[in-house]
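The values are calculated or read from the model by the stated rules, or taken from the named source; none is laboratory data. In this text the structure is predicted, and so the values were computed from the model without any measurement. Neighbour counts are summed over all protein chains in view; Cβ atoms, including those assigned to glycine, are modelled from backbone coordinates with ideal geometry. When the accessible area is computed, the model is the full protein with side chains, heavy atoms only, and any ligands, DNA or RNA have been set aside. Shrake-Rupley method; radii C 1.70, N 1.55, O 1.52, S 1.80 Å.
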Amino acid sequence: MFRGTFTALVTPFRKGEVDHPALEKLVESQIAAGITGVVAVGTTGESPTLTHPERDEVIRTTVRVAKGRCTVFAGTGSYSTRDAVEVIGVAQKLGVDGALIVAPYYNKPSQEGLFRHFQTIAESSSLPIMLYNIPGRCGVDIGSDTVVRLASTCKNIVSIKEASGSVERVAELRGKLPDEFTILSGDDSLTLPFMAVGAAGVVSVASNLLPAEVCALVHCFESADVKGAEKLHRRLFPLFKDLFIEPNPVPIKTALAWRGLMSSEVRLPLCEMSEANQARLRKTLEMFERDNENPHRRLTSAASLSGMG
């Protein structure tokens, strides 16, 4: 059901508050670049640090700006099933098209517990649901058999964002799941390898900054232009890697601030990038932009960054 390029939106902050004008501009830039959809208040959007009213306002703003021009997901996951049911209910009332639900983190449920968690959430809502498997952060893996069981039991669980880092896992899932159930890469650097074994696109962090380029990579592969996809992957790969040299979304927000699109501000326990890693990321971005000759996307000078946050 869900295939293509989806951006896991950052949540812009300024002076401790959500910067809604910057969010509106970010969503508009995504739509202008041809994005398939966006994910509001996911983990890239620092959802654990948002209050419930802030989360609702971010969703409301995203839906309002999108105006049906792209798919809008809301991140509605929690380590509390009761809380996740409440949040998905609010998101549905606010008009989203689907929900992205991360595996419960910290409490490390069994596979049976995971099944009941997602089943309970799915039964509480009519929204299409995309599971989100990221064992490196959650401490628990949604087993392939559990995904298959959920797909067959819950008709509105229709997709999975797979961030296990395993091409073998994607191949296994693709062989076990019905064709209409889609798998999306949860790692920009693995989008092409994952699509080669059956994934249908990506939920991307890098597309906050380079939506047209990430869309082009996915479109090339879907159009059987494998060489074109490989060329784009090679050009983007250094950037894909360096956007994760510190915890997400710190590097991507830093790069967006260099473009003058928002403050680089994040909320504790996240903090600003080290000077060494900023220098590394800036060098990678400057190399990418020089190679691609995009003068309108040049980074702002270091001198102009003061006060950007």
Any chance residue 189 is touching a strand residue (DSSP E or B) at 6+ places or on another chain (Cβ under 9 Å) and among the polar types (S, T, N, Q): no
Residue satisfying condition, being in a helix (DSSP H, G or I) and either at pLDDT 95 or above or open to solvent by less than 10 Å² (accessible area, probe 1.4 Å) (or both), within set 172, 180: 172
Residue pairs meeting the criteria (Cβ under 6 Å; at least 6 apart or on separate chains; first part of a loop (DSSP other than H, G, I, E, B), in the range 255-277; second of a type in the set (S, T, N, Q) and at pLDDT below 95): 260/300
Selected residue [under 21 Å from residue 45 (Cα atoms), open to solvent by 30 Å² or more (accessible area, probe 1.4 Å) and either touching a Cys at 6+ places or on another chain (Cβ under 8 Å) or not aromatic (Phe, Trp, Tyr) (or both)] from 75, 68: 68
Verdict on residue 250 being free of Cβ contacts under 8 Å to residues at least 40 places away in the same chain and either touching a Ser or Thr at 6+ places or on another chain (Cβ under 6 Å) or within 15 Å of residue 280 (Cβ to Cβ) (or both): yes
Criterion violated by residue 46 - all others in (1) open to solvent by 10 Å² or more (accessible area, probe 1.4 Å); (2) charged (D, E, K, R); (3) at positive phi satisfied: (1)
Index of the failed condition, residue 155 passing every other in (1) touching a Lys or Arg at 6+ places or on another chain (Cβ under 9 Å); (2) open to solvent by 40 Å² or more (accessible area, probe 1.4 Å): (1)
Leading residue by the ranking (nearest to residue 44 (Cα to Cα)) among those in the range 196-221 that are in a helix (DSSP H, G or I) and either of a type in the set (Lys, Arg) or out of contact with any Ser or Thr (no Cβ under 7 Å at 6 or more places or on another chain) (or both): 206
Evaluation of residue 160 against (1) hydrophobic (A, V, I, L, M, F, W, C); (2) open to solvent by 10 Å² or more (accessible area, probe 1.4 Å); (3) under 23 Å from residue 114 (Cβ atoms); (4) not in a helix (DSSP H, G or I) (one fails), failing number: (2)
Residue within the range 132-148 that is of a type in the set (Gly, Ala, Ser), surrounded by fewer than 17 Cβ atoms within 10 Å (Cβ to Cβ) and over 26 Å from residue 218 (Cβ atoms) present: yes
Selection within the range 10-36 - buried (at least 23 other Cβ atoms within 10 Å of the Cβ) and touching a strand residue (DSSP E or B) at 6+ places or on another chain (Cβ under 8 Å): 11, 12, 27, 30, 35
